Amino acid sequence: MTVYILGGLRTAIVVANTKFKNIRPEIFGAEVLKSLRQKFSLEHVDEIICGNAVGTGGNISRLMALAAGFDESTAALTVDRQCASGAAAISIGYAKISCGLADVIIAGGAESSSLQPLRVYNPNDKRFNLTAVEVQGGYKTAQFSPDEFDALAMLRGAQRVADDEKISRDEMDAWALRSHQRAANSVDNLRDYIVEVAGVREDTGIKKNISRRLLERAPLPLGRDTKISAGNACRINDGAAFVVLASEKFVREKNLNPVAKILDVTTCGVNPLESPRGAQVVADKLLSRNGLTYEELSAIEFNEAFAVIDVLFERSHPTCVDKFNPSGGALAYGHPYGASGAILLIHLLASLKNLHGLGLLSIAGAGGTGEAILIEAIR
């Protein structure tokens, strides 16, 4: 059964501890849900699926649905695949509609790094004595691999990949610069997809005047003689993004004009100590399964949590660089973890609005996972 995308909306992507620092993610996420319901005149939604990685726990999607004014009969599910949570939420929605279990689902994600709670291990957990954050047993970053217990695990994973592939800091900084430049040039193209929340409708991480010299001065969080810097790794952010998925029956009965259809989705696992590789691995897997090449795509969105991901793509597919992250990526906008997969899809829809054709989004997740979605724009 065909699964259509009616469209999507997001909040501004805001640097953590700034504009949204006192707003709970279910509250700014609810603003996106309200806007989608109004935009597409949704009288009923079968389910709301929300990706969330560092929230306060529980079913945040249910809180969000109720805060948005959806009827209490509306089902809600929260998904945690870390950075790939938003994409996983969309994939689950796709699967439910494609097999006839639902007709209309809102899927995406919301994240507030500003309000990320400090959690505490149980004293019976051996990790209780390994932590050193504010209080004994306290931690903010979950453990992603049985072989590593480190709050900087993601940074170290990117460093390992850069070392293994002999990727220079200069190569990564070049991509960071390109990301900010493309994002700055895409502000007008994305404006209609952004819902105003608390008076904010502008992404706050984009640096229009960034230069190579500034990037060269960026701090190295892993210390001297390392390559991953505050400039070629994404910032932490707050934000929410959701899309409306619908069945062919729903589209026909409501006489709607969808903007795209989902052709396929997939996921993968990779070495958890080198999680940035997940984006390329899962994208290759999805295209191979559909008998496609990158050259046949009109637009490609990878979540560039680290510029090492961009460099790997450029080396493998140098002829596709122009259609890779054409609106810039997370190095400029930032990375509100659970929402990023849906942000990628919205940016993909914006690119395909004029290009049409096929589009691919791919995102790596902490712990060594990947999620990819293949879509086709509808003229």
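Any read-out appearing in this document is the output of simple, stated calculations on the displayed coordinates, not a laboratory observation. Since the structure is predicted, the reported quantities are computational estimates derived from the model, not experimental observations. Reconstructed Cβ throughout: ideal geometry from the backbone, glycine too, with neighbour counts over all protein chains shown.
So the values come out like this:
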read-out	value
In order through segment 253-268: 3J(HN,Hα) via Karplus (6.51 cos²θ - 1.76 cosθ + 1.60), integer Hz, x for Gly, Pro	5, 8, 6, 9, 10, x, 9, 6, 10, 7, 8, 5, 9, 7, 9, 7
DSSP-assigned coil residues among trypsin sites (Lys or Arg not before Pro) in segment 154-248, each with at most 12 further Cβ atoms within 10 Å	LYS166, ARG201, LYS208, ARG217, ARG224
Selection from ASN209, ASN237, ASN124, by position along the positive dipole direction of segment 103-245 (Cβ)	ASN209
Under 5 Å, built H, 5+ apart or other chain: amide partners of ALA366	CYS83, ALA84
Pairs from LYS34/LYS96; LYS34/LYS249; LYS254/LYS285 whose Cα-Cα separation, in the structure shown, is over 32 Å	LYS254/LYS285
Shape category assigned to segment 113-257 from the gyration tensor of Cα positions, a/c cut at 1.5	oblate
Value at 222 nm in deg cm²/dmol, rounded to 500, when DSSP H runs of n ≥ 4 in the chain each add -39,500 (n - 2.57)	-9500 deg cm²/dmol
Residues with amide H under 5 Å from that of ILE236, placed H, sequence gap 5 or more	ALA16
Whether segment 313-361 is rounded, prolate or oblate, judged on the alpha carbon gyration tensor where a/c under 1.5 counts as rounded	oblate
Per-residue ³J(HN,Hα) for segment 356-364, Karplus 6.51 cos²θ - 1.76 cosθ + 1.60, θ = phi - 60°, Hz, x for Gly and Pro	6, x, 9, x, 10, 10, 8, 8, 8
Loop GluC sites (Glu not before Pro), segment 34-132 (other Cβ atoms within 10 Å of the site Cβ: 12 or fewer; DSSP)	GLU43, GLU72
Rounded to the nearest 20 debye, dipole of the chain from Cβ charges on Lys, Arg, Asp, Glu	620
The chain, relative contact order in percent, only Cα pairs under 8 angstrom and at least six apart counted	28
Euclidean distance of C-alpha centroids, segment 302-316 and segment 274-288, integer Å	11
Under-5 Å amide H pairs with GLY357, H placed in peptide plane, nonlocal only	ALA377
Axial C-alpha extent at least 18 Å, average Kyte-Doolittle at least -1.0 - helices from the chain (DSSP)	25-39, 85-98, 340-355
